[in-house]
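The structure appears right after this line, and notes come after that.
The values are calculated or read from the model by the stated rules, or taken from the named source; none is laboratory data. Given the structure is predicted, the values throughout are model-derived calculations rather than measurements. Here the Cβ positions follow ideal geometry from the backbone for every residue, glycine too, while neighbour counts run over all protein chains shown. For the accessible areas, the whole protein counts, side chains as well, though only heavy atoms, and no ligand, DNA or RNA atoms are used. Shrake-Rupley method; radii C 1.70, N 1.55, O 1.52, S 1.80 Å.
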Amino acid sequence: MTRCTRREFLVSAAALAALAGPRAPRVASAQPSVKLGTAVLGDYALAGPFIVALEKNFFKAEGLNVEFVPFRGGPDLVKAVISGDILIGAAGSTDILVAREAGQPLKMSATHTEGNHFTLNVAPDVSNVAELKGKAFGVTRAGATTWVFARMLAKREGWDPDKDVKIVGLGGLDAQLAALARKEIHAFVWGDGGAVTQLEGKSKVLSRLDSVTPMWISQIQYVSEDAIKKSNDQIRKATRAIFIAQRFMRTNTNEAAEIISKKIGWSTQAVLGAHKISGTLLSESGQFSMEALKAMQDTLLEYGVLKKRLPLDEHVTREFVPVKI
């Protein structure tokens, strides 16, 4: 075998490099991709911050590539978060109490909406709560949060919820409105989406239901126990972007309303109406009241939604709050 000199080797290497052409620039590592979800799309306070954070690139500013996935109900979202398909879920707060009782490994990671943003929606010709005695109330289903609120409202008025009113599980908003139009019900319990049907003249928002639940957390964010261990930094960054968006919704309400209306399918005027209902309840730092969580647990036990009392500390993780923005 013929040996080449060092000079011959270097010349050959240079020639090969020239034939190969210029070296391709080094590609920067891609931003981590995560999916975030909400229980429904048609709720301003719930879905709005995710929509705004995407449109305003707040997630990208935190170094995340985010896909927003709205679901058709809380149970499906719970499954997706537990399976790891969704990193952070946002839903009604009672979901965490029900999920933990069922042994599902979820933790509440932040308060999303403080107080109670649910609304009592009535037929356009109803002017006060007293007129609803003896009438039917529409709720999503028996045992749901809307069902609990209807019963609490009846009790506050001094009515027997099993005799003085009829509480009917009807499902989604379209079913509620159809029953209202046929006068099969005279009221229904819903979220801030009541602003949309009020604008359309189909119903009227009579009141926000924080009057019957002085201690309550309307909506929360939750994560799986597995995600806390494996994706802690991503949870932290995504949470910060969501709360930056919530601040934007409070301080730049008109611009936020235009952004949200395009995604949620409501008019800008309807979105602004929803903001009047729940905009002031958007949490600023995500911190949660254990006193409010206990009041919720007490209520669900009283109404039979929960069967046993679990330690409240098991329901939460304090790693991600308060959110600093």
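Below, the figures for the structure above:
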read-out	value
Residue satisfying all of: in segment 63-82; open to solvent by less than 20 Å² (accessible area, probe 1.4 Å), within 17 Å of VAL40 (Cβ to Cβ) and modelled with pLDDT of 95 or more; nearest to the chain's Cα centre (by Cα) among these	LEU77
Scope segment 83-110; condition out of contact with any His (no Cβ under 9 Å at 6 or more places or on another chain), open to solvent by 10 Å² or more (accessible area, probe 1.4 Å) and assigned to a strand (DSSP E or B); matching residues	GLY92
Total residues in segment 266-290, condition assigned to a loop (DSSP other than H, G, I, E, B) and in contact with a strand residue (DSSP E or B) (Cβ under 6 Å, 6 or more places away or on another chain)	3
Considering residues of segment 305-325 that are within 12 Å of VAL98 (Cβ to Cβ) and assigned to a loop (DSSP other than H, G, I, E, B) only, the residue least open to solvent (accessible area, probe 1.4 Å)	LEU306
Candidate set: segment 43-82, residues that are in contact (Cβ under 8 Å) with a residue 40 or more places away in the chain, among the aliphatic types (A, V, I, L, M) and not in a helix (DSSP H, G or I); chosen: the one nearest to LYS229 (Cα to Cα)	LEU64
